[in-house]
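Undergrad: Submitted below is the structure of interest, expressed as structure tokens.
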Amino acid sequence: MDKKTYAPLAKMMDYLLDAICVVDGEGHFVFVSAACERIFGYTPKEMIGRAMIEMVVPEDRARTIQAADEITSGHPKLDFENRYIRKDGQVAHIMWSARWSEVDQLRIAVARDITERKRAESMQAALYAISEAAHTAADLTSLFQLIHQIIGGLLSATNFSVAIYDESNNQLSFPYCAGDFGKASDLQQTAVGTLCAKVISTGRPLLLGPESLPALPEELQAVSNSSVLCWLAVPLNSHKGIIGVLILKGNSDSAPYTKKDKELLQFVSTQVATAIERKQLQARLTHMAQYDGLTGLPNRGLLYDRLKMALARTRREQRQMSLLYLDLNNFKQVNDSLGHAAGDELLQEVANRLKQCVRDLDTVARMGGDEFVVLLENIQWPEHASNVARKIRSAISQPIKIESCSLCILPSIGIALYPDHGDEAHQLLRHADKAMYLEKKNIDAKNRSPS
């Protein structure tokens with residue numbers, strides 16, 4: 001098939017909506033119909049001689065090359081889909097029907113632009129997937145990961161971040177950062193925060209392309225460098241207002257974001273905001289169910305769960321562990337003389353001091369009232385528990401200033417060791433509780449005895 005053969009074919013193909021492309025064995029266009037300009041944005045003259053793979057979106061190149069190899073090996077493709085970068089930088093979704101002509105040593109293909117169909121399908125699928133993620137994600141971090149994955153199926157999202165806005169404190173946090181966001185400098189992070197603040201204050205999405213980056217205000221200049229091609233940031237709107245921002249950054253190896261990308265991200269952002277609010281509510285309810293509202297310590301229920309898991313690990317690894325059960329001597333007198341607000345403040349300070357006396361792997365829990373339990377997992381010697389008890393006594397006995405009063409309060413502490421005092425949770429708790437009350441009784445007896 002020579003160039004003269006193309007002339008009458010080209011005339012007939014000028015009126016076809018689909019494009020005809022002929023590629024040689026090295027992957028270069030040798031003929032394209034007029035419809036290619038409508039689909040790809042390039043004139044036929046601009047496409048002839050160009051390597052086909054250069055126009056393919058980078059993420060799709062490996063499987064496109066694999067498909068081309070299979071076609072060349074004599075296996076036609078009737079509905080292969082991939083994405084091309086148009087001349088204007090936008091991404092076009094193409095469905096190909098292609099076969100190899102052994103006689104001519106050419107790959108002959110028909111290209112159909114399915115961008116609008118894919119866009120509609122992707123948006124609906126994304127909404128459904130985000131709604132599902134709100135129910136299936138274990139926590140907020142898992143939800144952000146799923147949202148990143150879903151949005152990545154719609155547009156380039158290698159560099160993706162979620163900013164959460166707390167209106168009550170006027171604070172912005174970045175609980176999820178992927179790609180370059182995770183290694184941004186302090187100056188760049190500040191600039192990204194400023195960019196997000198602008199989106200939040202205006203309530204409008206922000207699209208910064210190659211032409212607008214150099215003209216950014218001084219406080220935003222740090223978001224622009226030689227590798228950054230564009231930015232896309234959209235507000236997360238809920239019925240309560242803006243709760244955050246989705247931020248995407250495009251680099252030189254990806255196509256720049258477009259107005260259609262902005263519209264698409266805006267479209268799904270409301271569903272994303274709803275999903276985040278749902279997961280935040282679940283997190284708050286879970287925290288309320290598992291943690292003491294006054295001190296922020298694990299409550300009785302969470303302690304039992306952790307104790308059972310710690311026992312299982314200790315048995316499996318043949319290690320030792322300990323429980324310390326403590327309450328505050330004469331705590332009722334503080335409530336009676338200074339009021340319950342002072343008593344609450346005292347409990348909060350005791351909780352803080354207890355946490356400072358143990359390791360990160362240990363658990364400090366509030367059982368209720370002025371009673372606390374410390375779970376010491378993976379101890380080497382029984383003396384470790386006694387040392388921690390002494391450390392706690394020393395820390396709590398230091399004066400605590402409340403309402404211009406300096407209070408000195410002492411704890412009673414009972415110790416239970418696994419496996420010496422039991423191998424079940426209730427046995428260890430009962431032993432430590434009894435040991436604590438025995439110590440309390442001895443202290444009361446000493447206080448009553450004449451000096």
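Undergrad: Does LYS198 satisfy the condition of being over 29 Å from PRO58 (Cα atoms) and open to solvent by 30 Å² or more (accessible area, probe 1.4 Å)?
TA: yes
Undergrad: So, of the residues in the stretch 85-98 that are more than 14 Å from GLY25 (Cβ to Cβ) and out of contact with any Phe, Trp or Tyr (no Cβ under 6 Å at 6 or more places or on another chain), which turns out to be surrounded by the most Cβ atoms within 10 Å (Cβ to Cβ)?
TA: Applying the filter and picking the extreme gives VAL91.
Undergrad: From the list SER156, SER142, SER168, which one is outside any strand (DSSP E or B) and touching a Gly at 6+ places or on another chain (Cβ under 7 Å)?
TA: SER156
Undergrad: So how many residues does the stretch 48-66 have that are without any contact (Cβ under 8 Å) to a residue 24 or more places away in the chain and under 17 Å from VAL110 (Cβ atoms)?
TA: Qualifying residue count for the region: 1.
Undergrad: Just to be sure before I move on: is VAL334 at pLDDT 90 or above, surrounded by 19 or more Cβ atoms within 10 Å (Cβ to Cβ) and over 23 Å from THR363 (Cα atoms) in the structure I sent?
TA: No: the conditions fail for VAL334.
Undergrad: Take the residues in the stretch 234-246 that are open to solvent by less than 10 Å² (accessible area, probe 1.4 Å) and either over 15 Å from GLN266 (Cα atoms) or touching a residue at least 40 places away in the same chain (Cβ under 8 Å) (or both), then tell me which one is farthest from the chain's Cα centre (by Cα).
TA: Selected residue: LEU236.
Undergrad: Considering only the stretch 207-226, how many residues are hydrophobic (A, V, I, L, M, F, W, C), open to solvent by less than 30 Å² (accessible area, probe 1.4 Å) and in contact with a strand residue (DSSP E or B) (Cβ under 6 Å, 6 or more places away or on another chain)?
TA: Number of matching residues: 1.
Undergrad: What residue, of ASP69, ASP18, ASP60, ASP24, is closer than 22 Å to ARG117 by Cα and open to solvent by 20 Å² or more (accessible area, probe 1.4 Å)?
TA: The match here is ASP18.
Undergrad: Please name all residue pairs, on different chains or six or more residues apart, with Cβ atoms under 9 Å, provided the first residue is in the stretch 214-233 and is closer than 15 Å to ALA184 by Cα and the second residue is of a type in the set (Lys, Arg) and crowded, with 19+ Cβ neighbours inside 10 Å.
TA: Sorted first by the residue in the stretch 214-233, then by its partner, the pairs are VAL223/LYS249; VAL228/LYS249; TRP231/LYS249.
Undergrad: In the stretch 177-187, is there at least one residue being in contact with a Leu (Cβ under 8 Å, 6 or more places away or on another chain), under 23 Å from GLN280 (Cα atoms) and either of a type in the set (Lys, Arg) or open to solvent by 30 Å² or more (accessible area, probe 1.4 Å) (or both)?
TA: no
Undergrad: Now a separate question. I want to confirm something. Restricting to the stretch 374-384 and keeping residues that are open to solvent by less than 50 Å² (accessible area, probe 1.4 Å) and farther than 13 Å from LEU326 by Cα, which single residue is farthest from the chain's Cα centre (by Cα)?
TA: In this case the residue turns out to be PRO382.
The values are calculated or read from the model by the stated rules, or taken from the named source; none is laboratory data. Note that the structure is a prediction, hence the values are computed from the model and not measured. As a convention, Cβ positions derive from the backbone with ideal geometry for all residues, glycine included, and neighbour counts pool all protein chains shown. Quick note on the areas: whole protein, heavy atoms, side chains included, nothing else; ligands and nucleic acids left out. Shrake-Rupley method; radii C 1.70, N 1.55, O 1.52, S 1.80 Å.
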